[in-house]
Every structure is written in structure tokens, then in C-alpha cells.
Amino acid sequence: GRGSRPLRLRPRSLSGSMNFDESSGPEDDTDEERTPSRDAARPSSASSGKDEVAPRASPSTDAATLDASNLEEFVFRPAPRGVTVKCRISRNKKGMDRGLYPTYFMHMEREDGKRVFLLAGRKRKKSKTSNYLMSVDATDLSRGGESFIGKLRSNLMGTKFTVFDNGSSPGKNPGALLEEGGKRQELAAICYETNVLGFNGPRKMTVVIPGMNMNFERVPVRPQNEQESILSRWHNRSLDNLIELHNKAPVWNEDTQSYVLNFHGRVTQASVKNFQIVHDNDPEYIVMQFGRVAEDIFTLDYNYPMCALQAFAIGLSSFDGKLACE
């Protein structure tokens, strides 16, 4: 049962380990690991626990730790601890379908101002549910292409999404015993709370991602059936080796008469699509933030334990037209 968990790590800070004990409540927060200096003077960069974990990356380490020369590997690799990976998504509506099926491109913004292409994504046309393909080639977005790296699939309502890598699905060829590595991994689930009444309040979203092991590597989640999927497990609250994150609740601003979040200069336009993802235990540590800077340009920054593919897919899910919370 869930009570007999062998390993209990203190939820020191999100950037520290991400091995959360789900049962720990706020009362656990008063232990000696919370040094007064950390609480009294939180750095304004919205990422906590730096001194405990890893120093802030200087531009020189930035280039080394964020080596994206092997894209297939890079997009699955969690952000290095203590380093915010800054990216932008551009949406290209040109092409046939009057902008119904735009292509999305994600680039990493390096310290030297250069942009490095990471991922491209687009919605599949003939699919009953929203289904986005993601590729490490900006020109080849086909399902059978060499560069197909993952997909994002929604439920019929368009409110819950699952992110898969490019492994084969368990039902495809049940006769063949695939070696573990070839089986499809689930990398995230994203759940939007529908805003049925149509109030223009902020969206509520939950993001569930696989947990991390002691070496700061992702624990693989390879469901053999629907019951083992991240969404089912989240629904049943069986969250062993999963991390549940939420969007940070924006604050109402009297002056602007709108809900606001502090993006520290990374987001310049108001939009219901702007959001920050945090863990309830450490709401100052931004695991991911996403927001509009121009009509078709959005910034997307992510931190440990998220990887580029997870972050891109979460961003894509927020573009989906079916969400009844615009």
C-alpha cells in the first residue's frame, strides 16, 4: 500500500530533489533546513534554494550544460539544476488551412543571443481528438519521419492531455515482446479545469510528470494499459514516483483590473494563456513559465526537473482550441 514507502526524502526544495513525499503537509516545513536567510531574503529570480543545490549558472557553464548538438537526446534531458532554460515558441499560421493547423517552433535562447532550434509541432488533421506531432526537424513533421520524437494527445473533451515519446504503444503488436527501451513512455499529463460558466478568470491546470531518482534522472513510466497511465493514476491518487504540479494562482491587480503574475520581464503581453507551473511545497520555484510577447511569439522557460519535450507539449496543450476556458 501507499503507507509502506521505503524512501522518504524531505521536500527540501523543488530544485533539490523532486522526490516528494506526497503525505507531507505544510507542518513539515518548519524543520531546520529552512534557514532564516533563505526565507528572509528570497532572490527575486523566482527560483529558490540555489545555495543548497547548485550555483546560478554563469554564461560559460550555460553553453556547456545546454549543449543541444544531439537534439534527440537533449529534448528528453531534464534542465540542469540551477539553470533556467530560456526558450521561445513561434507560431506560423501561414499555409493552407487558414491558420487552423499552424506549425509551432521552439528555439532555445542562448546567452550570446543566438537561437538554437529544438522542436517543431503541429496538429494532425484527420484525428478525432486533438493530436499533436512533435519533431526535432523543422521541415519534417510526419508521423513516419525519422525525426518524430513524441506526441501530445487529448481526450474527447479536449481538457486532458497525455504526452508520449516516440516508442511503440503497448497495444500495437502484442505478440512481439519489445525490449523495455522500445516501449512507449508517458512523459506528462496535463489537466485543465473547464471553466463552464465562462467567467474570464484564470485557467486552472494540473501537470503530472514522472518523478526523479537519486541521480536526478527521470523514472520511466511505461503503462501497459489504461489503468497504469499517468492520468488514471492521478485520478486514483496513486502518485508514487509522480510529481503533481499546478499553475500558480495569479493575483488580482486593482490598478489594471486584471489577474497578474510576475514573469520578471520575460512576458510582455496580457493573455489568458500566460501561466507559471509550480509545486505546492515550493511555490516560489518556477518549474515552467509560458507567456505571450507578441501576436505569434511566446516565451517558454523551464527548470529542473522538466525537459524541453515536456515543456513544449505543455505549451502546445494550452494553444488547443477546445478548452472551454478562454
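The values are calculated or read from the model by the stated rules, or taken from the named source; none is laboratory data. Fair warning: this is a prediction, and the values are worked out from it, not measured in the lab. Neighbour counts are summed over all protein chains in view; Cβ atoms, including those assigned to glycine, are modelled from backbone coordinates with ideal geometry. Remember, those area values only see protein heavy atoms, side chains included, never the ligands or the DNA or RNA. Shrake-Rupley method; radii C 1.70, N 1.55, O 1.52, S 1.80 Å.
For residue 100, the accessible area of its heavy atoms, probed at 1.4 Å with every protein chain present, is near 120 square angstrom. Ligands, DNA and RNA aside, residue 107 has an accessible area near 50 Å² when probed at 1.4 Å. Annotation: residue 214 carries an accessible surface of approximately 110 Å², with a 1.4 Å probe and no ligand, DNA or RNA atoms counted.
By accessible area of protein heavy atoms, probe 1.4 Å, what ranking do 252, 234 get, highest first? Don't skip to the end; give the middle numbers.
Working: 252 110, 234 50 Å².
The ordering from most to least exposed comes out as 252, 234.
The largest accessible area among 295, 146, 228 belongs to the first residue in 146, 295, 228, and the rest follow in falling order (1.4 Å probe, all chains).
Which order do 116, 260 take when ranked by solvent-accessible area (1.4 Å probe, heavy atoms of all protein chains), largest first?
Greatest to least solvent exposure: 260, 116.
To the nearest 0.05, what FRET efficiency results for residue 260 and residue 116 with a Förster distance of 35 Å applied to their C-beta separation? Mind showing how you got there, number by number?
Numbers: r = 31 Å, r/R0 = 0.88.
It comes to 0.70.
Its Cα gyration tensor gives region 228-298 an equivalent ellipsoid. The semi-axes, each the square root of 5 times an eigenvalue, are 29, 14, 11 Å from largest down. Each label was represented as a point 7 Å from its Cα along the Cα-to-Cβ direction; for residue 204 and residue 249 these points are 0.9 nm apart.
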